[in-house]
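Colleague: Have a look at this one before I ask anything.
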Amino acid sequence: MDIQGRTAIVTGASRGIGLAITKALIEEGVKVAGWSRTLPESFTHNQFHHIKTDLTIEDSVQSAFDETLSKLGNSISILINNAGMGYRGPMDEMPSEQWRRLFDLNVHGLFYTTKRVIPQMKTEQLGHIINIGSGAGTNGIAEMSCYCGTKFAVNGITQSLHQELRDFGVKVSCLSPGSVDTGFSQSKKNKLLPEDLAASVVHMLKYPKNFHYTDVQVRPLQP
């Protein structure tokens, strides 16, 4: 499919994977609303519109959505749910506020954002929602129980939403990478690059309408 001229929302667009996806989409002629709490460093483009958003607060998401429609128009046909964070540590040592924070951003923020684009996508029978998951969403990892829980949730939400929206011509996919060079993983060897994941997102978006990636897992060949 040709994605030139379409409009996308990318969450967590200020750095890392989100910024790489933003740049890749703009190169394809897509207008991007980048939702994040902070501006990207050293990046501006006339096709990029930063929308300050706290995804953990639904009123902030509603304001960001309204501002996006005002600036970019009413036809949002691409949503990249990328924003997320993680903490390491044994469950019995994790502060409860950290546990809630992860679910508020990684799961509830995805819900607040996605529910707002669905009605118009269903009406137009056009749209693609790509949720950035993780290898931690299919395999438990010691001292990462909360992060794994949120990413398992992202996988389940993706699979259910795919079944809800497929008859409306709307695609829902989950792209789950292993270790990525974003600063979260402590290992420095053989990580995936954010730009490689961005290329995968573009690849998924450009496939024919009746060809659909549901769950895509990517890993370093030699971790």
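Colleague: Of the conditions (1) over 27 Å from Cys148 (Cβ atoms); (2) at pLDDT 95 or above; (3) not in a helix (DSSP H, G or I); (4) not hydroxyl-bearing (Ser, Thr, Tyr), Ile80 clears all except one; give me its number.
Modeller: (1)
Colleague: Of all residues in region 128-151 being out of contact with any Gly (no Cβ under 8 Å at 6 or more places or on another chain) and modelled with pLDDT of 95 or more, which is nearest to Phe211 (Cα to Cα)?
Modeller: Going through the qualifying residues, I end up with His128.
Colleague: Another question, then. Picking from Lys171, Lys206, which residue would you name as being crowded, with 21+ Cβ neighbours inside 10 Å, of a type in the set (D, E, K, R) and at pLDDT 95 or above? It would help to see each step written out before you state the result.
Modeller: On the way: Lys206 fails: crowded, with 21+ Cβ neighbours inside 10 Å.
Being crowded, with 21+ Cβ neighbours inside 10 Å, of a type in the set (D, E, K, R) and at pLDDT 95 or above holds for just one of Lys171, Lys206, which is Lys171.
Colleague: For region 146-172, which residues satisfy the criterion of being among the basic types (Lys, Arg) and either under 15 Å from the mean Cα position of the chain (by Cα) or not in a helix (DSSP H, G or I) (or both)? It would help to see each step written out before you state the result.
Modeller: In the first step, residues of region 146-172 are kept if they are among the basic types (Lys, Arg); the result is 151, 166, 171.
Once the filter is applied, which keeps residues that are among the basic types (Lys, Arg) and either under 15 Å from the mean Cα position of the chain (by Cα) or not in a helix (DSSP H, G or I) (or both), region 146-172 yields Lys151, Lys171.
Colleague: Taking the condition buried (at least 17 other Cβ atoms within 10 Å of the Cβ) and either touching a residue at least 60 places away in the same chain (Cβ under 8 Å) or in contact with a His (Cβ under 9 Å, 6 or more places away or on another chain) (or both), does Ile80 pass? Walk me through it before giving the result.
Modeller: Values: buried (at least 17 other Cβ atoms within 10 Å of the Cβ): yes; either touching a residue at least 60 places away in the same chain (Cβ under 8 Å) or in contact with a His (Cβ under 9 Å, 6 or more places away or on another chain) (or both): yes.
In short, yes.
Colleague: Looking at this structure, is Thr44 in contact with a Leu (Cβ under 9 Å, 6 or more places away or on another chain), part of a loop (DSSP other than H, G, I, E, B) and farther than 19 Å from Asp196 by Cβ?
Modeller: Values: in contact with a Leu (Cβ under 9 Å, 6 or more places away or on another chain): no; part of a loop (DSSP other than H, G, I, E, B): yes; farther than 19 Å from Asp196 by Cβ: yes.
Against the criterion (in contact with a Leu (Cβ under 9 Å, 6 or more places away or on another chain), part of a loop (DSSP other than H, G, I, E, B) and farther than 19 Å from Asp196 by Cβ), Thr44 does not qualify.
Colleague: Would you call Lys191 farther than 15 Å from Asn82 by Cβ, in contact with a Ser or Thr (Cβ under 9 Å, 6 or more places away or on another chain) and either surrounded by fewer than 19 Cβ atoms within 10 Å (Cβ to Cβ) or of a type outside the set (D, E, K, R) (or both)? Spell out how you get there, then give the answer.
Modeller: Working: farther than 15 Å from Asn82 by Cβ: yes; in contact with a Ser or Thr (Cβ under 9 Å, 6 or more places away or on another chain): yes; either surrounded by fewer than 19 Cβ atoms within 10 Å (Cβ to Cβ) or of a type outside the set (D, E, K, R) (or both): yes.
Yes: the conditions hold for Lys191.
Conditions tested, residue by residue: (1) touching a Lys or Arg at 6+ places or on another chain (Cβ under 6 Å); (2) touching a residue at least 40 places away in the same chain (Cβ under 8 Å); (3) among the hydrophobic types (A, V, I, L, M, F, W, C).
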site	(1), (2), (3)
Val32	no, no, yes
Glu41	no, no, no
His49	yes, no, no
Leu55	no, yes, yes
Leu72	yes, yes, yes
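Colleague: Regarding Tyr147, is this residue aromatic (Phe, Trp, Tyr) and over 23 Å from Ile78 (Cα atoms)? First the steps, then the outcome.
Modeller: Working: aromatic (Phe, Trp, Tyr): yes; over 23 Å from Ile78 (Cα atoms): yes.
Against the criterion (aromatic (Phe, Trp, Tyr) and over 23 Å from Ile78 (Cα atoms)), Tyr147 qualifies.
Colleague: Between Trp99, Trp35, which is crowded, with 16+ Cβ neighbours inside 10 Å and part of a strand (DSSP E or B)? If you could, list the steps in order and put the result at the bottom.
Modeller: On the way: Trp99 fails: part of a strand (DSSP E or B).
Exactly one of Trp99, Trp35 is crowded, with 16+ Cβ neighbours inside 10 Å and part of a strand (DSSP E or B), namely Trp35.
The values are calculated or read from the model by the stated rules, or taken from the named source; none is laboratory data. Treat the numbers as computed from the prediction; the structure is a model and nothing was measured. Cβ coordinates were reconstructed from backbone atoms using ideal geometry, including for glycine residues, and neighbour counts include every protein chain displayed.
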